[in-house]
Amino acid sequence: MLAALVLAPTANASDALVSRFLDKVQPSEMVPGADSFGAVRDDVPVVPALKGGETVGWVFLTSDFVSTTGYSGKPIHTMVGVDPDAVVTGVRLVKHSEPIVLIGIPDSQIQAVTEGYAGLDLKIEAQQGGSAHELDIISGATVTIMVIDDSIVRAGIKVARILGLGGLVPAVADTGPKKIIDYDKVAVSDWMTMTGDGSVRRLSLDVAQVNEAFVTQGDPRAIKRPEDGPDTDTFIDMYMGLANVPSIGLSLLGQREYDNLKNRLKEGEHAILVMGRGRYSFKGSGYVRGGIFDRIQLIQDDISVRFFDKQQVRVGEIAADGSPAFVEMDLFIIPADAGFDPSKDFRLQLLVQRAVGPIEKVFLTFDLGYQLPDAYLKAEEVALAAGDPVSAQALVNGDDEAPKLWVRIWEDRKADIIILASAIGILTIVFFFQMQVTRNERFTFWFRIAFLTFTLVWLGWMQNAQLSVVNVMAFFSSLTSSFSWDAFLMDPLVFLLWFSVAAALLFWGRGAYCGWLCPFGAMQELTNRLAKFARIPQIEVPWALHERLWPLKYMIFLGLFGLSLYSLDVAEHYAEVEPFKTAIILKFQRAWPFVLFAVALLVAGLFIERFYCRYLCPLGAALAIPARLRMFDWLKRYRDCGDPCQRCGKECMVQAIHPEGNINPNECLNCLHCQVLYQHDQKCPVCIKKLAKRRKFEKQTAMTKPAQAGGVTTANPAG
């Protein structure tokens with residue numbers, strides 16, 4: 001019973017996705033001879049394929065059983081048929097969001113490869129850990145094919161075990177206490193010790209081994225193109241360690257980098273450190289196109305994990321004494337929902353490719369196995385009272401009374417939440433008491449520089465809390481489908497930012513976020529300040545041109561929003577017009593076209609302050625539209641503003657002040673500089689006049705008092 005529960009699908013059968021796609025396939029396509037589908041089973045999200053009312057096979061959707069996230073970051077839904085002997089009888093790719101058509105690969109080619117999995121024997125795959133077959137990968141669609149392959153095999157094995165097809169039975173569940181990482185052990189070891197006790201494992205391939213492997217595979221095209229160089233040359237020398245284990249992490253990363261890793265990891269997440277040298281890269285360069293690494297994947301039992309660019313952190317050096325020099329050193333975060341168990345053995349699968357034509361490649365896989373030594377583990381303490389009932393549903397899906405994942409995330413990030421809430425609170429006070437704050441020009445300047453530095457470094461680079469127009473499109477998309485607050489609560493800092501933005505739009509407009517809390521905006525302004533310090537000439541865009549350029553960002557936003565109504569996936573692809581992911585989230589660690597685009601925008605900003613914010617930012621446009629509903633006008637103006645005085649307009653960093661003197665709230669970033677000028681007795685003509693009148697009055701008053709005093713003195717003797 002326990003074994004069956006352990007291997008049960010993670011979703012309720014009542015919530016199965018398979019029923020949504022049944023109308024896209026015919027029964028005979030999935031299971032030969034079938035003439036109809038039965039009802040979805042109550043316990044498992046599978047559908048019987050019927051022939052004359054008798055079950056001749058089963059049909060399921062891979063996304064109901066395993067993660068199928070692909071190149072686009074969205075699920076790849078594949079329908080699979082299987083017979084009672086655990087042999088795949090039919091496969092259909094029913095829905096995907098992969099942008100493969102953008103690089104010239106016809107969808108029919110992907111469909112053909114997918115349908116080729118008919119005949120796959122899941123019994124053999126179960127015996128060999130899912131690697132008994134050869135990958136038929138299409139060059140240019142590596143990630144897509146790997147995801148489809150993995151989902152078919154692993155979901156198929158899981159279904160076959162649950163249903164007992166082909167004699168397969170669920171694996172025997174562990175009956176002893178579960179082992180977890182012992183975080184109290186923090187001893188530091190050198191490289192030789194770690195490689196000796198298994199804390200760090202190695203996969204080493206030389207040129208001869210790789211060439212021999214391709215010969216064994218038997219593809220004549222690959223055999224004709226052997227790897228050049230001496231046979232003893234290192235093709236790849238790859239090492240791996242479980243970096244969130246204290247002793248291993250401290251030894252390999254050092255105290256500072258290990259602390260950074262701990263701060264980055266959320267509850268339930270783990271991290272592996274992969275190090276490599278040789279002529280072959282375990283990362284490659286193709287991953288940056290779709291945000292996913294296509295040369296490595298982590299496999300443990302029936303689960304597999306592919307790593308996205310957001311889950312990767314580059315490491316500068318290995319701290320362990322005696323460690324060799326590596327070309328690549330990277331941390332990869334294993335997400336909490338992957339089902340990874342650090343106490344069990346797993347493997348990192350390396351995909352090796354060989355070009356056999358202008359656009360064709362042949363692939364092989366090699367495994368780097370890993371088992372965390374028992375010295376780093378301890379038995380988990382289970383606080384369960386004797387006799388307490390544990391339902392099957394609770395074991396599969398988690399107890400309904402247990403805190404939701406987002407609640408645990410918020411509890412785990414209390415310190416970060418307090419810091420951001422405090423920063424937002426300080427900014428709110430500044431806005432409410434802006435006239436008092438802006439009386440001192442120097443204080444206002446340095447307060448703004450300090451706050452923008454906090455926004456860029458802590459909020460952006462450290463916490464990755466950068467809002468995006470993608471969030472806006474996803475929110476509207478969720479309103480028309482299955483809206484759930486849980487999805488938006490998973491990142492507490494982003495949620496707090498959106499909550500503060502919603503409130504600020506009613507009071508101050510979009511400038512509260514765009515001018516103060518946007519990390520990329522902060523980067524633009526700070527770099528422009530450095531440019532001014534270096535006396536780089538500034539370009540003042542003529543007003544006639546400026547007012548024709550700033551509508552561009554609204555056009556970009558409306559274009560993206562319109563695309564999102566057609567396909568959110570396509571819209572997200574084109575949302576790369578935002579450089580936020582490159583400059584903030586990935587810190588410029590992307591392919592050169594993305595980096596070049598982001599750097600070009602920053603360079604433009606050296607000459608035209610906040611260039612991107614002014615003319616191209618779709619997020620700024622998205623926030624400006626509802627900001628028209630704001631209830632207050634906080635920024636004060638004089639009648640003389642604009643006629644004749646133009647000082648505020650000329651010094652406004654985004655030219656949000658019209659020549660006639662009024663402020664365009666849609667373009668204003670609430671930097672408060674105009675409020676500094678508003679009460680500056682050396683720069684504002686109105687204040688200068690007021691000060692002159694006051695001094696003249698004081699002077700006249702001072703002259704009158706001595707005269708009055710003299711008159712009283714001469715009058716006394718006469719009296």
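Counting Cα-Cα pairs of segment 240-327 in 10 Å increments starting at 0 gives whole-percent bin shares of 14, 46, 36, 4. Of the trypsin sites (Lys or Arg not before Pro) found in segment 521-591, the ones in coil according to DSSP and having at most 16 other Cβ atoms within 10 Å of their Cβ are Arg535, Lys587. Here the peptides 155-163, 122-130 are ranked by packing, the mean other Cβ count within 10 Å, and the order with the highest first is 155-163, 122-130.
Counted residue by residue at 0.36 nm each, then reduced by the alpha carbon distance between them, the extension gain from Phe433 to Met462 reaches 7.5 nm.
Sequentially through segment 117-128, phi angles give Karplus couplings (6.51, -1.76, 1.60; θ = phi - 60°) of 7, 4, x, 5, 8, 6, 5, 5, 4, 5, 5, 10 Hz, Gly and Pro residues having no value and appearing as x.
Cβ-Cβ distance of Lys689 and Ala544, R₀ of 35 Å, FRET efficiency by 1/(1 + (r/R0)^6): the value works out to about 0.65.
Once fully extended, how much extra length lies between Ile426 and Ala187, figured as 0.36 nm per residue of separation less the alpha-carbon to alpha-carbon distance? Roughly 81.8 nm would be gained on extension. The convex hull drawn around the Cα atoms of segment 524-594, when projected onto a plane and averaged over every direction, covers 6.8 nm². Working note: Karplus 6.51/-1.76/1.60 with θ = phi - 60° gives segment 660-666 the couplings 7, x, 7, 8, 7, x, 5 Hz, where Gly and Pro are set to x. Computed extension length for Asp219-Leu596: 131.8 nm, one decimal, from 0.36 nm per residue of separation with the Cα-Cα distance subtracted. Listed here are the pairs Lys283/Lys414; Lys636/Lys693; Lys414/Lys587; Lys24/Lys553; Lys266/Lys581; Lys262/Lys378; which of them are more than 31 Å apart at the Cα? The pairs that break the limit, which is 31 Å between Cα atoms, are Lys283/Lys414; Lys24/Lys553. Residue-wise HN-Hα couplings along segment 249-255, as the Karplus relation 6.51 cos²θ - 1.76 cosθ + 1.60 with θ = phi - 60° gives them from phi, are x, 5, 5, 8, 9, x, 4 Hz; Gly and Pro carry x. Taking R0 as 35 Å, what FRET efficiency do you get between Ile449 and Met703 from their Cβ-Cβ distance, rounded to the nearest 0.05? E between Ile449 and Met703, to the nearest 0.05, is 0.20.
Lys690 contributes an accessible area of around 110 Å² to the protein surface, as traced by a 1.4 Å probe with all chains present.
Can you tell me the FRET efficiency between His658 and Phe475 if r is taken as the Cβ-Cβ distance and R0 is 30 Å, rounded to the nearest 0.05? Efficiency, from the Cβ-Cβ distance: 0.40.
Remark on Thr365: its backbone amide H falls under 5 Å from those of Val352, a criterion applied only to residues 5 or more positions apart or on other chains, H modelled at 1.01 Å from N. So what does log10 I(q)/I(0) come out to for segment 295-366 at q = 0.16, 0.19, 0.28 Å⁻¹, using the Debye formula with one equal point on every Cα and no solvent? For the requested q values the scattering log ratios are -0.80, -1.00, -1.20. Spin-label model, Glu411/Ala325: points 7 Å from Cα along the beta carbon direction are separated by 4.9 nm. Just so you know, the averaged projected area of the alpha carbon convex hull for segment 411-471 sits at 5.4 nm². In the complete set of protein chains, residue-level accessible area for Glu227 is approximately 60 Å², probe 1.4 angstrom.
The values are calculated or read from the model by the stated rules, or taken from the named source; none is laboratory data. None of these values were measured; they are calculated from a predicted model. Ideal geometry is used to build each Cβ from the backbone, glycine not excepted, and the neighbour counts take in all protein chains shown. Side chains are part of the model used for accessible areas, which takes the heavy atoms of the whole protein and leaves out ligands, DNA and RNA. Shrake-Rupley method; radii C 1.70, N 1.55, O 1.52, S 1.80 Å.
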